[in-house]
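> There's a structure below that I have some questions on.
The values are calculated or read from the model by the stated rules, or taken from the named source; none is laboratory data. Values in this document were obtained by computation on a predicted structure and should not be read as measured data. No Cβ is skipped: glycine too gets one built from the backbone with ideal geometry, and neighbour counts run over all protein chains shown.
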Amino acid sequence: MSEGRSEQHGARRGGSGRRGGSGAGRYAPSPSGELHLGNLRTALLAWLFARASGRRFLMRIEDLDRARDAGSAARQLEDLERLGIDWDGDPVLQSERGEDHEAAIARLDAAGLVYECTCTRRDILAAPSAPHAPPGAYPGTCRQRSEEERRAAREAIAPRKPALRLCTELSELEFDDLLLGPTRGDIDDFVLRRGDGTVAYNLAVVVDDAAMGVDQVVRGDDLASSTPRQILLQRLLELPTPPAVEYAHVPLVLGPSGARLAKRDGAVTLADLRERGVDAEEVLTALAVSLDLAVPGEHVTTAQLLGRFDPARLSRDPWTWSDVR
C-alpha cells in the first residue's frame, strides 16, 4: 500500500489516552480552507470517541480535489494541535494513495460492476426518474449502452472524458449508527471516478480507511446519507464493514441564523478569534460547554475532557453558535 508521509505537515505522535491494538479512529479534513468551530468540534469528538475506546487516532488529509485545495493542511493541523488534539503517526495524504484507489476500481470493473457515464448534472436532473427514486438519483441513462454506443458517446463529449459509475441493483441500505440508531439511506449508480480523473469521495474514503486500520468513523451527521454507499463498497471489495466498523454521525454546529455554520457568520476560525483576543483555551472551553463536558468560564484540557466523556450522554441536537464569550 502507498500510504504517504509528509514532513511538511508534521508528525504528531499521540501522547494522551489509552492505545488500542489494531483499531483506530480518524479525522480527515479537506485542505479547502481554515477549520471553523464546527470542524473543530467534530475533530474533538472524533478524538474523544477514539481515545475513550482505547483506539489509536489517525489523521488523513483528503486532498484529492485539487480544484478545492487551498493549501491549508498545515494550518489545519496546527489548529488541532493548539486545541490539544494529538494523533498517532504521520498524517496520510490521500493524493498519494492513487494506486490503491485505481486497484479497487479495477477490481469492481473485473466483476462487471463499472460502466462509463457521459451525463452532465443537467442531463441527470432533466431525465425522468425511476419510480420511487429520490430526487437527483442517477436514472441509469448510460448503464445499458453497447460498446458501439459507448464509443459514440465518448467521441461526442471529447475532449471531456466519461465518468465511471458503480452498477448496483441495491436501492437502499440500513446501518446502525452509534448516535442516530438504525439509519437508512438511498443508493443509486454513484460515481467512482469523475471525468477529470479524480477518484470520488465514497471510493477513496472506503479504501483509505481499510488500509489505515480505521474501524471507527466519527463525522458530521450531514454525511450519514453517504454511508450506505460506502458500506456497499466495503462489501463488494471484501473490506471490513459494520458491525466490524462503527459509525457515529455527530450533530453539526449552526450559525446564528440557524443555517450550517460558515465563514459568513463572522469570527468562526481560531485565527479569526485570535484577532479578537480569544485564545485556543477559551475556544476549547466553549466546545466543551457545548458538549456538556464543562461549565462556562472553566479552563479545561483535552485530557480532562477525555475523563468526563460518555458517548451515551452526547446530545443528538445541533449546537447553535453565536459567540465564544
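> Report every pair of residues separated by at least 6 positions or lying on different chains whose Cβ atoms are under 7 Å apart, first residue within the stretch 212-228 and in contact (Cβ under 8 Å) with a residue 60 or more places away in the chain, second part of a helix (DSSP H, G or I).
Gln216/Phe49; Gln216/Ala50; Val217/Asp209; Val218/Leu45; Val218/Ala46; Val218/Phe49; Arg219/Thr42; Gly220/Thr42
> I would also like to ask the following. How many residues does the stretch 61-80 hold that are in a loop (DSSP other than H, G, I, E, B) and either small (Gly, Ala, Ser) or in contact with a Phe, Trp or Tyr (Cβ under 6 Å, 6 or more places away or on another chain) (or both)? Don't jump to the end; show me each part of the working.
So in the stretch 61-80, the residues in a loop (DSSP other than H, G, I, E, B) come out as 62-65, 69-72.
Okay, now just the ones that are also either small (Gly, Ala, Ser) or in contact with a Phe, Trp or Tyr (Cβ under 6 Å, 6 or more places away or on another chain) (or both), so 70-72.
Residues meeting the conditions: 3.
> While we're looking at this one, here's another question. Given the structure, is Val214 β-branched (Val, Ile, Thr), in contact with a strand residue (DSSP E or B) (Cβ under 9 Å, 6 or more places away or on another chain), closer than 22 Å to Ala24 by Cα and part of a loop (DSSP other than H, G, I, E, B)? I'd like the intermediate steps shown before the answer.
Numbers: β-branched (Val, Ile, Thr): yes; in contact with a strand residue (DSSP E or B) (Cβ under 9 Å, 6 or more places away or on another chain): yes; closer than 22 Å to Ala24 by Cα: yes; part of a loop (DSSP other than H, G, I, E, B): yes.
When the stated conditions are applied, Val214 passes them.
> Filter the stretch 313-325 for residues that are within 20 Å of Gly220 (Cβ to Cβ) and loosely packed, with under 12 Cβ neighbours inside 10 Å and give the result.
Arg313, Arg316, Asp317, Ser322
> For the stretch 292-309, state whether one or more residues are within 22 Å of the chain's Cα centre (by Cα) and surrounded by 13 or more Cβ atoms within 10 Å (Cβ to Cβ).
Restricting attention to the stretch 292-309, the residues satisfying the condition of being within 22 Å of the chain's Cα centre (by Cα) are none.
No: zero hits.
> Against the conditions (1) part of a strand (DSSP E or B); (2) at pLDDT below 90, where does Arg264 fall short? Just the number, please.
Arg264 satisfies all of (1) part of a strand (DSSP E or B); (2) at pLDDT below 90 except (1).
> Being surrounded by fewer than 18 Cβ atoms within 10 Å (Cβ to Cβ) and farther than 18 Å from Leu108 by Cβ is the filter here; which residues of the stretch 162-176 pass it?
If the condition is that a residue be surrounded by fewer than 18 Cβ atoms within 10 Å (Cβ to Cβ) and farther than 18 Å from Leu108 by Cβ, then Ser171, Glu172, Glu174, Asp176 are the ones that fit.
> While we're looking at this one, here's another question. Answer with yes or no whether Leu58 is surrounded by 21 or more Cβ atoms within 10 Å (Cβ to Cβ), touching an Asp or Glu at 6+ places or on another chain (Cβ under 8 Å) and either under 30 Å from Arg308 (Cα atoms) or modelled with pLDDT of 95 or more (or both).
Values: surrounded by 21 or more Cβ atoms within 10 Å (Cβ to Cβ): yes; touching an Asp or Glu at 6+ places or on another chain (Cβ under 8 Å): yes; either under 30 Å from Arg308 (Cα atoms) or modelled with pLDDT of 95 or more (or both): yes.
It is true that Leu58 is surrounded by 21 or more Cβ atoms within 10 Å (Cβ to Cβ), touching an Asp or Glu at 6+ places or on another chain (Cβ under 8 Å) and either under 30 Å from Arg308 (Cα atoms) or modelled with pLDDT of 95 or more (or both).
> Could you look through the stretch 217-245, keep only residues that are within 16 Å of Leu179 (Cα to Cα) and in a loop (DSSP other than H, G, I, E, B), and pick out the one that is nearest to the chain's Cα centre (by Cα)?
Val245
> Count, please, the residues in the stretch 96-112 that happen to be crowded, with 17+ Cβ neighbours inside 10 Å and either aliphatic (A, V, I, L, M) or in contact with a Lys or Arg (Cβ under 7 Å, 6 or more places away or on another chain) (or both). Even if it seems obvious, please write down each step before you answer.
Our first condition is that a residue be crowded, with 17+ Cβ neighbours inside 10 Å; within the stretch 96-112, this holds for 97, 100-101, 104-105, 108.
Checking the rest, the ones that are also either aliphatic (A, V, I, L, M) or in contact with a Lys or Arg (Cβ under 7 Å, 6 or more places away or on another chain) (or both) come to 104-105, 108.
Counting residues in the stretch 96-112 that are crowded, with 17+ Cβ neighbours inside 10 Å and either aliphatic (A, V, I, L, M) or in contact with a Lys or Arg (Cβ under 7 Å, 6 or more places away or on another chain) (or both) gives 3.
> Something else about it: Ala210 passes all but one of (1) over 26 Å from Val92 (Cα atoms); (2) surrounded by 17 or more Cβ atoms within 10 Å (Cβ to Cβ); which number fails?
Unmet condition: (1).
> Kindly check whether there is at least one residue in the stretch 2-14 that is at pLDDT 90 or above, of a type in the set (Asp, Glu) and buried (at least 16 other Cβ atoms within 10 Å of the Cβ).
Of the residues in the stretch 2-14, the ones at pLDDT 90 or above are none.
The answer is no, given that none of the residues of the stretch 2-14 is at pLDDT 90 or above, of a type in the set (Asp, Glu) and buried (at least 16 other Cβ atoms within 10 Å of the Cβ).
> Residue check, Leu203 against (1) over 15 Å from Pro242 (Cα atoms); (2) hydrophobic (A, V, I, L, M, F, W, C); (3) in contact with a His (Cβ under 6 Å, 6 or more places away or on another chain), all met but one. Which one?
So the condition that Leu203 fails would be (3).
> Filter the stretch 106-130 down to the residues that are without any contact (Cβ under 8 Å) to a residue 60 or more places away in the chain and among the charged types (D, E, K, R) and list them by number.
Result: Asp109, Glu116, Arg121, Arg122, Asp123.
> Tell me which of these Ile124 doesn't satisfy, since it passes every other one: (1) surrounded by 12 or more Cβ atoms within 10 Å (Cβ to Cβ); (2) hydrophobic (A, V, I, L, M, F, W, C); (3) modelled with pLDDT of 95 or more.
Looking at each condition in turn, Ile124 falls short on (3).
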